[in-house]
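The values are calculated or read from the model by the stated rules, or taken from the named source; none is laboratory data. Keep in mind that what you see is a predicted model, and the values were worked out from it rather than measured. A quick note on method: Cβ atoms are made from the backbone with ideal geometry, for glycine too, and the neighbour counts reach across all protein chains shown.
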Amino acid sequence: MSNPLEDPKANPFEIAKLAAAAIAEKTGVEQHDIALTLGSGWAKAADLIGETVASVNAVEIPGFSAPVVEGHVATIRSILLPSGKRALVLGARTHYYEGHGVRRTVHGVRTAAATGAKIMILTNGSGGIKDHWAPGTPVLISDHINLTADSPIEGANFVDLTDLYSKRLRELSRTVDSSLDEGVYVQFRGPHYETPAEVQMVKHMGGHLVGMSTALEAIAAREAGMEVMGFSLMTNLAAGIQTTPLSHHEVLAAGKEAEPRISALLAEIIAKI
Ligand code: 8IG
């Protein structure tokens, strides 16, 4: 099935507007205030933050595609928060490593902005570099290093990325859990994990977490004028920091173990926004 974003002449913002209109029509909710992308280990948060008003299969929305993991249905949910605010939850992201290009990678964020969302909460799973972090530790993203050598922005639009990850929302998060640490997230292209030498490079560059998402999405969110919050679940120590090889299975298991705890934490933070 072809995706309208594949046409190089298509305007990605127009397709995001079409997607937002389809979401409004299918959910019956005209506007959303907050959007969330739930990555590895964070999915349960959707059940805790409020009442799901509508759930839509993402493939029915222009520009979205079926998830790469077989048997997985990507849903877009509209949730009514106790505060009366509306949250749009994007259940599956298109990763840059899938090779569909950066427009497809950031379409969820652009669609969220087109639904009216002013806050974009990006969550992910990552490998950690600070060796005192134990697997299962949630970390606030304070900044990022984008090692994809790509950008979601096309043309001469010199978007400022100072304070990309909202200080206000990080401080608000720490009123819920004062022990929350923060770190610099480094996006690699993936899908392979890093070599130990690459992890050492990241350490010297000032990075603390390695992963395969979020930075490109955060840039697109800023371009769209949204306030960004980033939350990473450190599921494993990065390659070479941990002495044993990385296993996708173990990474998923660590995410599952931490999921109820970190989802409850995120729900508590969202209740305060
Ligand atoms: I979960 O160690 C998870 N995602 N690049 N490296 C990269 N991505 C990850 C890792 C990791 N753990």
Extreme residue, surrounded by the most Cβ atoms within 10 Å (Cβ to Cβ), among residues of segment 244-273 that are away from the ligand (no atom under 14 Å from the Cβ) and β-branched (Val, Ile, Thr)
Ile270
Would you be able to tell me the number of residues in segment 171-187 that are among the hydroxyl-bearing types (Ser, Thr, Tyr), over 15 Å from Ile270 (Cα atoms) and not in a loop (DSSP other than H, G, I, E, B)?
1
For Gly211, indicate whether it is within 11 Å of the ligand (Cβ to nearest atom), modelled with pLDDT under 95 and among the small types (Gly, Ala, Ser).
no
Go through segment 202-234 and report how many residues are among the acidic types (Asp, Glu) and either surrounded by fewer than 24 Cβ atoms within 10 Å (Cβ to Cβ) or without any contact (Cβ under 8 Å) to a residue 24 or more places away in the chain (or both).
2
When the residues of segment 223-257 are narrowed to those that are in contact with a strand residue (DSSP E or B) (Cβ under 6 Å, 6 or more places away or on another chain) and outside any strand (DSSP E or B), which ends up modelled with the lowest pLDDT?
Val251
Would you check if there is a residue in segment 188-197 being over 17 Å from the mean Cα position of the chain (by Cα) and part of a helix (DSSP H, G or I)?
yes
Kindly evaluate Val176 against the criterion of being farther than 20 Å from Thr105 by Cβ, under 17 Å from the mean Cα position of the chain (by Cα) and away from the ligand (no atom under 13 Å from the Cβ).
no
Answer residue from segment 132-156, given it is over 19 Å from Thr105 (Cα atoms) and of a type in the set (S, T, N, Q) and is surrounded by the most Cβ atoms within 10 Å (Cβ to Cβ) among those:
Thr137
